[in-house]
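Here is the structure we will look at, set down as structure tokens.
Derivation of every value follows stated rules applied to the coordinates shown; laboratory data play no part. Just so it is clear, the model here is predicted, and its values are computed rather than measured. Glycine gets a Cβ as well: all are built from the backbone with ideal geometry, and neighbour counts include every protein chain shown.
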């Protein structure tokens, strides 16, 4: 690929990476993707492994990159806790090294982050609130944010709450169980402030267009519990509400650090600087149900 002004998606196998690549290409943008799946390599889909420190330090992009989206990460909270050293290699050290490499070439870098940089003790955390993660994944993302922001005005941090597309395995399983007249057991003490995948992609696309540095937070307008979502889905598909049997997360063995009281983020800058308003959380669930029923 010899074009200039190419958009790079690091971690194009992720759900956000895939959707972002499709959106950018539909707009006529030249897109270069990275993957660790050698069997899927093409001229526009190249190999890059964020577990390999030397490879990242010496990596030479095959095109002039205008904007790079850093979507690759170890996102499993449990995996980050179980293997903090290996996950930090990807989520912190090698991500920062790659960003430095790209910024030194004049590339604008967009880093995907998370509400997990906060402990969830209060709702609607502001972008400039002091980070206070309560799990290893959040600590790694907070550490990466700190170092990336120190690199200057060619870095944008996009903090997301839970991003949902139409293919949510948990919800698909619920719908299947309800169809078969079998009970489901959603958590009554776990919350989310869902953001639809298409909207997350809108935000990322806009950040690149504006080359807006700093932190932008993207969040649903309220927290909703998983049992409320389960009851809502049950009503939408006309199933028996008595099949919904809520439980506490600890009954499933979840550690409290994985179950924050709140996940919402303040989205003032999203509205002011990008002119975007997050869709209603229930419209996100409606979209998922319509695609699966």
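Below are the figures for this structure:
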{"item": "Qualifying residue in segment 236-245 (condition: under 24 Å from residue 118 (Cα atoms), in a helix (DSSP H, G or I) and touching a residue at least 24 places away in the same chain (Cβ under 8 Å))", "result": "no"}
{"item": "Filter result (within 15 Å of residue 198 (Cα to Cα) and not in a loop (DSSP other than H, G, I, E, B)) within segment 254-281", "result": "281"}
{"item": "Checking residue 63 against (1) surrounded by 17 or more Cβ atoms within 10 Å (Cβ to Cβ); (2) in a loop (DSSP other than H, G, I, E, B); (3) in contact with a helix residue (DSSP H, G or I) (Cβ under 9 Å, 6 or more places away or on another chain), the condition it does not meet", "result": "(3)"}
{"item": "Subset tally (residues that are assigned to a helix (DSSP H, G or I), touching a strand residue (DSSP E or B) at 6+ places or on another chain (Cβ under 7 Å) and crowded, with 20+ Cβ neighbours inside 10 Å) for segment 1-60", "result": "5"}
{"item": "Any hit, segment 118-125, residues being touching a residue at least 12 places away in the same chain (Cβ under 8 Å) and more than 26 Å from residue 255 (Cα to Cα)", "result": "no"}
{"item": "Qualifying residues in segment 206-235 (those that are farther than 16 Å from residue 275 by Cα and without any contact (Cβ under 8 Å) to a residue 12 or more places away in the chain) - the one nearest to the chain's Cα centre (by Cα)", "result": "228"}
{"item": "Test: residue in segment 78-98 that is within 20 Å of the chain's Cα centre (by Cα), in a loop (DSSP other than H, G, I, E, B) and touching a residue at least 24 places away in the same chain (Cβ under 8 Å)", "result": "no"}
{"item": "Of the criteria (1) surrounded by fewer than 19 Cβ atoms within 10 Å (Cβ to Cβ); (2) under 26 Å from residue 256 (Cβ atoms), which one residue 217 fails", "result": "(1)"}
{"item": "Residue within segment 66-74 that is more than 23 Å from the chain's Cα centre (by Cα) and either assigned to a loop (DSSP other than H, G, I, E, B) or surrounded by fewer than 19 Cβ atoms within 10 Å (Cβ to Cβ) (or both) present", "result": "no"}
{"item": "Positions within segment 169-185 being under 26 Å from the mean Cα position of the chain (by Cα), surrounded by fewer than 18 Cβ atoms within 10 Å (Cβ to Cβ) and touching a residue at least 24 places away in the same chain (Cβ under 8 Å), in sequence order", "result": "172, 185"}
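Residues are listed down the side, and each one gets a yes or a no for (1) in contact with a strand residue (DSSP E or B) (Cβ under 9 Å, 6 or more places away or on another chain); (2) surrounded by fewer than 17 Cβ atoms within 10 Å (Cβ to Cβ):
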| residue | (1), (2) |
| --- | --- |
| 251 | yes, yes |
| 257 | no, no |
| 274 | yes, no |
| 277 | no, yes |
